[in-house]
């Protein structure tokens, strides 16, 4: 806590411990006291705390911490599909696999590592994976925590197969909120979306910010690279910046569906909201040797007035 960013040892701020199942867990820390935890089970970010130690990601009190079940909360990685539209398991297999630490990853931009604590993870398909999805790939994931406490995830997926393959993808981000009725999303106004509650029928969002009073399960299309989630009660705004992820999933199960999920509390829908950077409507197709990159950065800014507006173009509250 007493270190300045100039002398902070970012490598020493990355610690490897064990999670609830004995799999390696990586703890990232910032000089101001923020932290993030990443499990090798699913390559999943399971915790992101601000400088005051407040948890910013939601995890259900009924989450099942036992493979092959994915943990209900944090940021599961959905690959090679989002949803349940093929013979694969729901949201694909990446979130249920044990990843490895990538000791020698191909270089990223210096901006992706400078003044950040980070970890690089790697997933390759097993023989079992190839039976249900016969495509060879290398999935590299970097999770980093900046000095200001912002959290970034960078996914690089390379086709090492002899033929093209296609996939969909999402960072299934469970944000912790005070009360879903006090939350709004800005940046998705007037956009088209696919409504999963209406057989993926296409609708157009109205001109107002999105608020919540019932179950929502939508995929917004051709979205801007900055979206904001404003929590009025906590006077906090989540700023989501993304690249390579044209779609945004917005999901809250509300009361009825919450009661039907064994790994979710009956009233927990009030304390969470999923807002995911994603590629769903038009899946990515990679030719042999090609690589796709998709990144998301999550940050939090104070919002002092409920009437504030968010400038999506500038990524600022004013």
What per residue convex hull volume, in Å³, do the alpha-carbon atoms of the chain yield?
138
Inter-probe distance in nm under a simple model that places probes 7 Å from Cα toward Cβ, at residue 66 and residue 166
3.8
Would you calculate a helix-derived [θ] at 222 nm for the chain, using -39,500 (n - 2.57) for each DSSP H run of n ≥ 4 and dividing by the full residue count, to the nearest 500?
-1000 deg cm²/dmol
Between residue 261 and residue 206, what length comes free when the chain is fully extended (0.36 nm per residue of separation minus the Cα-Cα distance, one decimal in nm)?
16.8 nm
Stokes-Einstein D for the stretch 13-59, Kirkwood Rh over Cα pairs, 20 °C, 1.002 mPa s (µm²/s)
198
Give me the percent relative contact order of the chain, please, defined on Cα pairs under 8 angstrom at least 6 residues apart.
16
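Coordinate-derived values only; no laboratory data. Please read all numbers here as calculations on a predicted model, not as lab measurements. Here Cβ is always computed from backbone atoms with ideal geometry, including for glycine, and neighbour counts include all displayed protein chains.
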